[in-house]
Amino acid sequence: MSIGHTLLGLLESGPRHGYDLKRAFDEKFGHDRPLAYGQVYSTMSRLLKNGLVEVDGIEPGGGPERKRYAITEAGVTDVARWLATPEKPEPYLQSTLYTKVVLALLTGRGAAELLDTQRSEHLRLMRILTDRKRRGDLAEQLICDHALFHLEADLRWLELTAARLDQLAKAVTA
């Protein structure tokens with residue numbers, strides 16, 4: 001995720017302080033990985049330097065002065081361009097899991113057990129996400145669906161690999 005573009009998009013509704021941007025980000029996107037304050041301010045500094053935001057006001061606070069940021073026309077254009085650009089699909093052609101399976105086979109360790117353990121971990125996480133989805137609002141449901149679909153694809157790969165383990169062992173040890 002592009003933090004800069006996300007913060008710019010949040011500014012399109014109106015000027016905000018860094019604290020407000022962090023809170024809005026965490027509320028909408030940071031369910032599992034909240035944004036650090038330092039990351040907000042370093043990103044805003046970069047966006048300011050690049051002319052994508054401007055300081056709309058400065059207010060005294062209990063600590064450092066509070067800057068209120070506003071998006072510029074260049075920032076609006078940049079967000080529009082980013083939103084219109086499709087994300088590159090990630091095919092995971094060289095995954096850590098595949099590497100572990102091959103290394104287990106090469107070193108005489110239990111590749112089948114590795115796959116079973118991974119399958120159990122995927123199912124455990126799927127149960128947690130399903131429960132979270134059941135209790136969540138629409139945004140939370142969509143986030144969980146995205147993760148669940150990826151985990152389901154991984155499970156299919158685990159099953160397929162387990163079924164072909166003997167063939168893979170012959171291929172990698174030849």
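The values are calculated or read from the model by the stated rules, or taken from the named source; none is laboratory data. On a predicted model such as this, the values are computed, not experimentally measured, just so you know. Cβ coordinates were reconstructed from backbone atoms using ideal geometry, including for glycine residues, and neighbour counts include every protein chain displayed. These area figures cover heavy atoms from the full protein model, side chains too; ligands, DNA and RNA do not enter into them. Shrake-Rupley method; radii C 1.70, N 1.55, O 1.52, S 1.80 Å.
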Along principal axes, Cα extents of segment 1-103, largest first, whole Å: 59, 32, 23
Projected onto the charge dipole of the chain (+1 at Lys/Arg Cβ, -1 at Asp/Glu Cβ, origin at the Cα centre), which of VAL55, ALA139, LEU155 gives the Cα projection farthest towards the positive end? LEU155
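Over segment 1-105, what is the relative contact order in percent, taking alpha-carbon pairs closer than 8 angstrom and at least six residues apart?
Details: 104 pairs, mean separation 30.0, N = 105.
Over segment 1-105, the number comes to 29 percent.
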Against the longest principal axis of the chain, how steep is helix 96-106, in degrees 0 to 90 to the nearest 10, with axes from Cα atoms? 30
With the convex hull built on the Cα atoms of the chain, state its orientation-averaged projected area in nm². 14.2
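Can you give me the % of accessible surface on the chain that is carbon or sulfur? Probe 1.4 Å, all protein chains present, nothing else counted.
Numbers: 6500 of 11700 Å².
Carbon and sulfur atoms account for 56 percent of the accessible area of the chain.
Could you give the Stokes-Einstein D for segment 9-57 in µm² per second, using the C-alpha Kirkwood radius, 37 °C, 0.692 mPa s?
292
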Calculate how steeply helix 37-49 sits against the longest principal axis of the alpha-carbon atoms of the chain, using the helix alpha-carbon long axis, and give the answer as 0 to 90 degrees to the nearest 10. 60
Using alpha-carbon coordinates, inclination of helix 73-84 to the longest axis of the chain, degrees: 20
For a quick protection proxy, order the peptides 81-87, 132-138 by their average other-Cβ count within 10 Å, most packed first. 132-138, 81-87
Over the chain, with neighbouring protein chains present, the accessible area per residue in Å² at probe 1.4 Å is 67
